[in-house]
Amino acid sequence: MCSAEATGWRVSVLALVLLGCIAGCTESESPAGAAVNGTAGDSAESAAGSAVAAERPRIALVMKSLANEFFATMAEGAKTHATAHADDYELIVNGIQDETDLAGQVGLVEQMMAQQVSAIVIAPADSKALVPVLRKACDAGIVVVNIDNRLDTDVLREQQVQIPFVGPDNRAGAKAVGLQLAKSLQAGDEVVILEGLETSFNGQQRKLGFTEAATEAQLKIVASQSAQWEMDIANQQTAALLTAHPRLKGILACNDSMALGALAAVRAAERTDIRIAGFDNIGAVRQAIQDGQILVTADQHGDQLAVYGIETALELLQGVSAPGDGVAAQRTVRDRETAVDVITKETLSR
Ligand code: ALL
């Protein structure tokens, strides 16, 4: 049961969604995608039980580990935005339980497809493994926007799918953090890098940024290993690294969870001469910076990252980036680079 106006809205949105998908998702047109979206509108209406609810697109935010404060902050930012724009869209928030649950995240995308959402805004746990299921979502006429961790360009090309990326330059951010840490060390000092999940593009980029900073400052990287973004793993690895490298002076952690794990190990070893860097600017690390226990982190504005992705999804859904032809479609799949700032005790006191 829906009003003529609502039906008209849906029809035009169907067209726009299809355009959005061409702009935002696949290189090939998909008439089937339009049909699938047709059912999406109907199902949204019956699920919500009102024509008013059916008028709003439903946007699913699919995140990574909800145990990581970074994603809790991201979810809060998205919810605040959704409340302020309640007339424009309905937000569905999802995440997995731990950083390596790739199958769980694939399953979430499948669930969102089954619920026939209008758009999926995703921070992929793996840059390659999520591409096939996201391609399926695109084929089903769902607008897909990639945030935070960039999907692998080669796999996207192989799968003939285009998905806009919204997120920071992780390499530049990590380099700036690394150079900040280097200011309090001497040339020749030993440092280690705690990497994120090796299959994450942003983790790889941060490692590169840290390496560039260390090279420039003539620091000696004595180990670089993945602690899989996790606090506990970083804690165990740091304890072992402190024993293996007694002259260690610095730890460059590719996220704040790992920086906190490293800090606990450093404190347990009663080492007061080790400088620690992280990446994310979560509350616990801000506190540790203020207390002088962690030296520096990067603020990648986690609370706004999903919001920017949602804005891009809404733009695609509204056809603002509607393509004219295949080449124009390519151009409409615009990435959006977001800010990343160095956070120290000094910047926090401003
Ligand atoms: C990345 C984020 C954060 C986070 C990490 C753990 O994609 O950018 O740095 O800590 O995922 O999942």
Starting from the Cα of LYS183, draw a straight line to each of the aspartates and glutamates and keep only those under 18 Å, dropping any in the same chain fewer than 8 residues away. GLU212, GLU216, ASP273, ASP341, GLU346
Using alpha-carbon pairs under 8 Å, 6+ residues apart, how would you state the relative contact order of segment 118-176 in percent? 35 percent
Arrange the following residues from fewest to most other Cβ atoms within 10 Å of their Cβ: GLU158, GLU69. GLU158, GLU69
Low-density loop positions, GluC sites (Glu not before Pro), segment 226-324 - DSSP coil, at most 12 other Cβ in 10 Å: GLU270
Listed residue pairs exceeding 32 Å between alpha carbons, taken from LYS79/LYS136; LYS128/LYS249; LYS128/LYS175; LYS79/LYS249: LYS128/LYS249; LYS79/LYS249
Is the shape of segment 151-261 rounded, prolate or oblate, going by the alpha carbon gyration tensor and its root eigenvalues a ≥ b ≥ c, with a/c under 1.5 for rounded and a/b larger than b/c for prolate? prolate
Order by neighbour count: CYS138, CYS254, fewest other Cβ atoms within 10 Å first, most last. CYS138, CYS254
Once fully extended, how much extra length lies between GLN225 and LYS136, figured as 0.36 nm per residue of separation less the alpha-carbon to alpha-carbon distance? 28.7 nm
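Values in this text are rule-based calculations from the coordinates and carry no lab data. What you see is a predicted model, and the numbers here were worked out from it, not measured in a lab. As a convention, Cβ positions derive from the backbone with ideal geometry for all residues, glycine included, and neighbour counts pool all protein chains shown.
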